[in-house]
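Peer 1: Would you mind keeping the following structure in view while I ask a few things?
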Amino acid sequence: MSGLYTRFVSSVLFPLQERMKQHSTVADHAALDRSQWLPTAQIRDIQSDRLRSLLTHAATHVPYYRALFARSGFDPAGVTSAADLQRLPFLTKAVIRANSDALRADDAQGLARFNTGGSSGEPLVFFIGRERVSRDVAAKWRATRWWNVDIGDPEIVLWGSPIELGAQDRVKLLRDRLMRTRLLPAFDMSASKVDHFIDVIRDTRPKMLFGYPSAFALIASRAQERAVRLDDVGLKVAFVTSERLYPHQREVIESVFGCPVANGYGGRDAGFIAHQCPDGSMHITAEDIVVEIVDGDGRVLPAGQSGEIVVTHLATRDYPFIRYRTGDVGVLSDQPCSCGRGLPVLAEVQGRSTDFVVAADGTVMHGLSLIYVLRDQPGVAAFRIEQESLAQTRVAVVPGDGFSVERSVPAIRKGLQDRLGSGVTIVIDLVDAIPAEASGKYRYVVSRVPVSGQTVPAPAAVEAAHA
């Protein structure tokens, strides 16, 4: 049973905030709360109707799709199911970069600019409208309630994206305080910082955690080393996302925090895709998301077969994401969940992980702290960082437009040394391309340095952070 203040936040304060933002989150959540219990066939019907509406709108208002549909003779009005998407080409990061303005709807309102690192480290700039924000927040809200926690319950968010961490103005700080959300930076995971996080968790007594599984596993391991209990603070669930959740991470988090781990899958670009229910299934937000699994030749695979995850987000009328190749690898299930929800199930997400790196002074940091040095440097088309030892890190860089050996190389070296230590040797190799692994994924941050006496699981494919 939620407390009085939590009920006030979820029923009064949060709806007021969303209304002021001109978001439809509350109504969207009410609709999603009802539709999750419908039979799978009826959810597919909702999905098909929303897909036809998205495509029809794109044909009229989005220059890129208006031209594409005209060239291919594609008629959105004739769409009857998600299978009709196979008549359309994929949307890739390269296509978005080349058609950024043409992908914007001519009637778009409230678009916000976002960027995220691609699988090879090249930035992707795109735009998100109010509709998608509202639907994604509503979907997350629905999943939160699956675990008997709600907006307004005390929460600790352990995150590393500068998009969130750079927005801590007074208004946001006040809002977070009212919502009882505490945001902690995941960049610095040194022993002293982790000890501080442990103290914050004990003092805050949150009902839920949200963040990287690797970071929470490190906190849990440190608490074990210090014999500090965290299973008595009242946690109900630890929501983890943005990385692959390894079994040993789930085990130590659940053991030390004394609560279940709820795995989530999504991205800043692709949206809120799937979340684990208490019965263990990763349910796809099918009212808003179409998930296809494709092989190396782009053919759609049946349930049970592993391939690349392709996403169509049905709430992206302002800046459509239609058949977007995520670069992640996963498997769909055709088995219903015992929880009774009609939402389809994503059986597995493979190959997503974030590595830790270790500074010369022993400070343990998220690999993201190095990614942003390269990602924010003009002219870096792609990169791969390998921490060979505490004393040396090697970086392979593919120079692009705007790259200057005189300016860019020293800037990269300084940025990495600022994080790893001024005495660390940074070897920068300029290369023509960054090869993919056999899986098709790119490993662009790899550390060979042990953390707390244990080597971080490899390969470690670092993904930029989601909401």
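Peer 1: List the pairs whose first member sits in the stretch 87-105 and is within 14 Å of residue 310 (Cβ to Cβ), whose second member is basic (Lys, Arg), and whose Cβ atoms are under 9 Å apart, counting only residues at least 6 apart or on separate chains?
Peer 2: Close Cβ pairs (under 9 Å, with a partner that is basic (Lys, Arg)) amount to 88/323; 89/323; 90/323; 90/325; 91/323; 91/325; 92/325; 93/325.
Peer 1: Oh, and also: Regarding residue 34, is this residue open to solvent by 70 Å² or more (accessible area, probe 1.4 Å), of a type in the set (D, E, K, R), in contact with an Asp or Glu (Cβ under 9 Å, 6 or more places away or on another chain) and closer than 24 Å to residue 148 by Cβ?
Peer 2: For residue 34, the condition - open to solvent by 70 Å² or more (accessible area, probe 1.4 Å), of a type in the set (D, E, K, R), in contact with an Asp or Glu (Cβ under 9 Å, 6 or more places away or on another chain) and closer than 24 Å to residue 148 by Cβ - is not met.
Peer 1: Here are 77, 70: which of them is of a type outside the set (Ser, Thr, Tyr), more than 22 Å from residue 143 (Cα to Cα) and at pLDDT below 95?
Peer 2: On the way: 70 fails: at pLDDT below 95.
Only one candidate qualifies: 77.
Peer 1: Next question, about the same structure. Return the only residue of 390, 374, 416, 370 being closer than 30 Å to residue 246 by Cα, assigned to a loop (DSSP other than H, G, I, E, B), touching a strand residue (DSSP E or B) at 6+ places or on another chain (Cβ under 9 Å) and at pLDDT 85 or above.
Peer 2: 390
Peer 1: Kindly list the number of the only condition in (1) assigned to a helix (DSSP H, G or I); (2) under 25 Å from the mean Cα position of the chain (by Cα); (3) within 30 Å of residue 175 (Cβ to Cβ) that fails for residue 97.
Peer 2: Only one criterion in (1) assigned to a helix (DSSP H, G or I); (2) under 25 Å from the mean Cα position of the chain (by Cα); (3) within 30 Å of residue 175 (Cβ to Cβ) is unmet by residue 97, namely (3).
Peer 1: Show the residue pairs meeting these rules: Cβ distance below 6 Å; 6+ apart or different chains; first residue within the stretch 181-198 and over 16 Å from residue 214 (Cβ atoms); second residue at pLDDT 90 or above and of a type in the set (Ser, Thr, Tyr).
Peer 2: If the second residue must be at pLDDT 90 or above and of a type in the set (Ser, Thr, Tyr), the pairs left are 182/204.
Peer 1: Test residue 89 against the criterion of being in a loop (DSSP other than H, G, I, E, B) and not aromatic (Phe, Trp, Tyr), and give yes or no.
Peer 2: Values: in a loop (DSSP other than H, G, I, E, B): yes; not aromatic (Phe, Trp, Tyr): yes.
Criteria met by residue 89.
Peer 1: Working carefully through the options 308, 292, 348, find the one that is out of contact with any helix residue (DSSP H, G or I) (no Cβ under 9 Å at 6 or more places or on another chain), open to solvent by less than 40 Å² (accessible area, probe 1.4 Å) and either touching a residue at least 24 places away in the same chain (Cβ under 8 Å) or within 20 Å of residue 41 (Cβ to Cβ) (or both).
Peer 2: 308
Peer 1: Kindly indicate whether residue 296 is at pLDDT 95 or above and either more than 15 Å from the chain's Cα centre (by Cα) or among the basic types (Lys, Arg) (or both). Working first, answer last.
Peer 2: Working: at pLDDT 95 or above: no; either more than 15 Å from the chain's Cα centre (by Cα) or among the basic types (Lys, Arg) (or both): yes.
The answer is no for residue 296.
Peer 1: Does residue 325 count as on the phi < 0 side of the Ramachandran plot, touching a Phe, Trp or Tyr at 6+ places or on another chain (Cβ under 6 Å) and open to solvent by 40 Å² or more (accessible area, probe 1.4 Å)?
Peer 2: yes
Peer 1: Further question: Going through the stretch 374-413 one residue at a time, which ones are closer than 22 Å to residue 218 by Cβ, under 27 Å from the mean Cα position of the chain (by Cα) and open to solvent by 20 Å² or more (accessible area, probe 1.4 Å)?
Peer 2: The one that is closer than 22 Å to residue 218 by Cβ, under 27 Å from the mean Cα position of the chain (by Cα) and open to solvent by 20 Å² or more (accessible area, probe 1.4 Å): 386.
Peer 1: Please determine whether any residue of the stretch 167-183 is at pLDDT below 95, touching a Leu at 6+ places or on another chain (Cβ under 6 Å) and crowded, with 17+ Cβ neighbours inside 10 Å.
Peer 2: no
Peer 1: Answer with yes or no whether residue 291 is out of contact with any Gly (no Cβ under 7 Å at 6 or more places or on another chain), closer than 30 Å to residue 415 by Cβ, of a type outside the set (Lys, Arg) and not in a loop (DSSP other than H, G, I, E, B).
Peer 2: no
Peer 1: Tally up the residues in the stretch 14-25 that are open to solvent by 40 Å² or more (accessible area, probe 1.4 Å) and without any contact (Cβ under 8 Å) to a residue 40 or more places away in the chain, please.
Peer 2: Looking only at that region, the number is 3.
Peer 1: Still on this model: All but one of (1) closer than 16 Å to residue 348 by Cα; (2) touching a residue at least 12 places away in the same chain (Cβ under 8 Å) hold for residue 247; state the number of the condition that does not hold.
Peer 2: (2)
Peer 1: Does any residue of the stretch 310-319 turn out to be closer than 30 Å to residue 195 by Cβ and outside any loop (DSSP other than H, G, I, E, B)? Reasoning before the result, please.
Peer 2: From the stretch 310-319, those closer than 30 Å to residue 195 by Cβ are none; that's our starting set.
No, the stretch 310-319 has no match at all.
Peer 1: Hey, another quick one. Need the failing condition index for residue 306 against (1) over 16 Å from the mean Cα position of the chain (by Cα); (2) at pLDDT 95 or above, just the number.
Peer 2: Just one mismatch for residue 306, condition (2).
Peer 1: Taking residue 5 as the residue in question, decide whether it is in a helix (DSSP H, G or I), farther than 30 Å from residue 153 by Cα and aromatic (Phe, Trp, Tyr).
Peer 2: When the stated conditions are applied, residue 5 does not pass them.
The values are calculated or read from the model by the stated rules, or taken from the named source; none is laboratory data. Fair warning: this is a prediction, and the values are worked out from it, not measured in the lab. Positions of Cβ are backbone-derived with ideal geometry, glycine not excepted, and every protein chain shown enters the neighbour counts. These area figures cover heavy atoms from the full protein model, side chains too; ligands, DNA and RNA do not enter into them. Shrake-Rupley method; radii C 1.70, N 1.55, O 1.52, S 1.80 Å.
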